[in-house]
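Input: a single structure, listed below in structure tokens.
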Amino acid sequence: MNIQAIKGVKDILPDDMPAWQHLEATARRIFEDFGFSEIRVPVFEYTELFARTIGASTDIVEKEMYTFEDRDGGSLTLRPEATAGVVRAVIEHNLVHTDPALKVYALGPMFRRERPQKGRYRQFHQVDVEAFGFTSPTVDAETIELALAYLDACGVRQHELVLNSVGDRHCRPAYVERLRQALRDVAPAMCADCQRRADANPLRVLDCKVPEDQAAIDALPRITDHLCEGCAAHFGEVRRQLDLLGIPYRLSHRLVRGLDYYVRTTFEVTSDLLGAQSSVLGGGRYDGLVKDLGGPDAAGIGFAVGMERLALLLPPREAEPRCDVFLMPLAAAALDRALRLQRELRGAGLAAMLDPEGRSFKSRMKQADKLGARFVAILGDDEMARGAWTVRDMARSEQQAVPEEKILDHLKEKANG
Ligand code: HAM
């Protein structure tokens, strides 16, 4: 039996790449326009980092991490998301001390052992954006504006912004206690996950998707009715600024997100074109996380876009092949000269190619067409005798003879012109 890729892990093939390159290039352009710099953090970290940031009783940490024992007995985990690693790196390299307002983005693969289905994979890619050192609600609104600007620049049209505030350490504990109390009566009739979480981490009950549990969940106390003055004011200002910027949103008190580090603003962008896995992007504020992990008291806010889901929302893109010059040595003695010219053209930054198999003239012309060659340079017996190449301008269907000593400069000038 041939070995196949792991279930839920996808190859991204050459035909897929034009779309991916477009999404990645657009990310770099838009994020850098908003003042963000790229950062790359490892794909694996000590397991404890994820348990301490994402939260020990979340789905991700409880059931979805690829964790393995290192040879020295330490526990390592393939990153299920990027925020934890970025926060660790920011602390380790003192980045918030040197630049109190740090804005970074990261691109790369993440790993979660979820049940694979359309839009849900075990290795998937995120573009992740994080800003440290900002407490102002203006930055919440701006971060959301950035997320939407990115989707817009990629060409995504049909989507909805969902918004919530999950409170902070002043108001959330009291709310969570209320939730715990309310769940005491209803949890025994709910799914096994809800029963377990009703006491250990009641907020997670709000993430439950089991249809039979929804009526009970809808009747539970709502965080937005229990925000402290500071959180209510912050949330009010975020909403006011979104209105000011003309950014529509839907409020959802159940948007607590699947990670424990959030405080105050949380948001997601969903699209009904995605089916069950409707969230293309999610994020929020996580003030306190940097400090909890041993760093300075720096606020944080960010979001991550799922690239596979984003790609699903866009029409396929055709590859744009680039071939400036296709060389066609037809005489046996012409190959050596063509190989040297190919090297010289490449050295000058041009995309030069030839057919190493030496197929017929007709099939080589077809190949040149397929490659989108702009010029074809032919060196056959006649050309060798004359000491001049035949250069064909493919767009104009014109040919001219170019003396051997001028061929490099001629092609450079034509191709760059
Ligand atoms: P998240 O909501 O867990 O947030 O993931 C963000 C996005 O990653 C989702 O909206 C989805 O598009 C994509 N995604 C998640 N799981 C899968 C999967 N199994 N297959 C395909 N795509 C998936 C975070 O990861 C946070 N770190 C976001 C953040 C950054 N918050 C603050 N800063």
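Results, tabulated for the structure shown:
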{"read-out": "Cut-off 13 Å (backbone N to label point 7 Å along Cα→Cβ of ALA276), residues of region 304-343", "value": "none"}
{"read-out": "Difference of contour (0.36 nm per residue) and Cα-Cα distance, ASP381 to LEU244", "value": "42.0 nm"}
{"read-out": "Among beta bridges that DSSP assigns inside region 266-415, antiparallel share in %, nearest 5", "value": "70"}
{"read-out": "At R0 = 45 Å, FRET efficiency that the Cβ-Cβ distance of ARG222 and TRP20 yields, to 0.05", "value": "0.70"}
{"read-out": "Longest exposed-site-free window of the chain, the sites being GluC sites (Glu not before Pro) in a DSSP loop that have at most 10 other C-beta atoms within 10 Å", "value": "1-317"}
{"read-out": "Loop-located trypsin sites (Lys or Arg not before Pro) in region 48-91 whose Cβ has at most 15 other Cβ within 10 Å (DSSP)", "value": "ARG71"}
{"read-out": "Relative intensity, log₁₀ I(q)/I(0), of the chain from a Debye sum that treats every alpha carbon as a point, q = 0.12, 0.13 Å⁻¹", "value": "-0.97, -1.08"}
{"read-out": "Centroid-to-centroid separation of region 85-161 and region 31-81 [C-alpha atoms, Å]", "value": "14"}
{"read-out": "Selection of trypsin sites (Lys or Arg not before Pro), region 298-330, meeting DSSP coil and at most 16 other Cβ within 10 Å", "value": "ARG322"}
{"read-out": "DSSP H segments from the chain that extend 15 Å or more along their own axis, Cα-based, with Kyte-Doolittle mean of -0.5 or above", "value": "137-154, 229-244"}
{"read-out": "Cβ-placed point charges (K, R +1; D, E -1), dipole of the chain about Cα centre in debye, nearest 20", "value": "720"}
{"read-out": "Overall Cα dimensions of region 204-317, principal axis frame, Å, largest first", "value": "44, 38, 35"}
{"read-out": "Too-long pairs where the Cα-Cα distance tops 28 Å, listed order kept, from LYS7/LYS103; LYS103/LYS291; LYS10/LYS103", "value": "LYS7/LYS103; LYS10/LYS103"}
{"read-out": "Computed label-point distance, nm, for sites PHE68 and VAL9 using a 7 Å Cα→Cβ extension", "value": "0.9"}
{"read-out": "Full-extension gain in nm, VAL210 to LEU339, via 0.36 nm per residue minus C-alpha separation", "value": "39.9 nm"}
{"read-out": "Fully extended contour minus Cα-Cα distance, from ARG322 to ARG40, at 0.36 nm per residue", "value": "98.6 nm"}
{"read-out": "Euclidean distance between Cα centres, region 342-365 to region 236-267, Å", "value": "56"}
{"read-out": "Estimated FRET transfer efficiency when R0 is 35 angstrom, pair PHE361-ARG157 (beta carbons, to 0.05)", "value": "0.15"}
{"read-out": "Value in Å of the Kirkwood radius, where region 162-213 supplies the Cα pairs that are averaged", "value": "11.6"}
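All of the numbers you see were taken from the coordinates with simple rules; none came from a lab. Note that the structure is a prediction, hence the values are computed from the model and not measured. In this analysis, Cβ positions are derived from the backbone assuming ideal geometry, glycine residues included, and neighbour counts consider all displayed protein chains.
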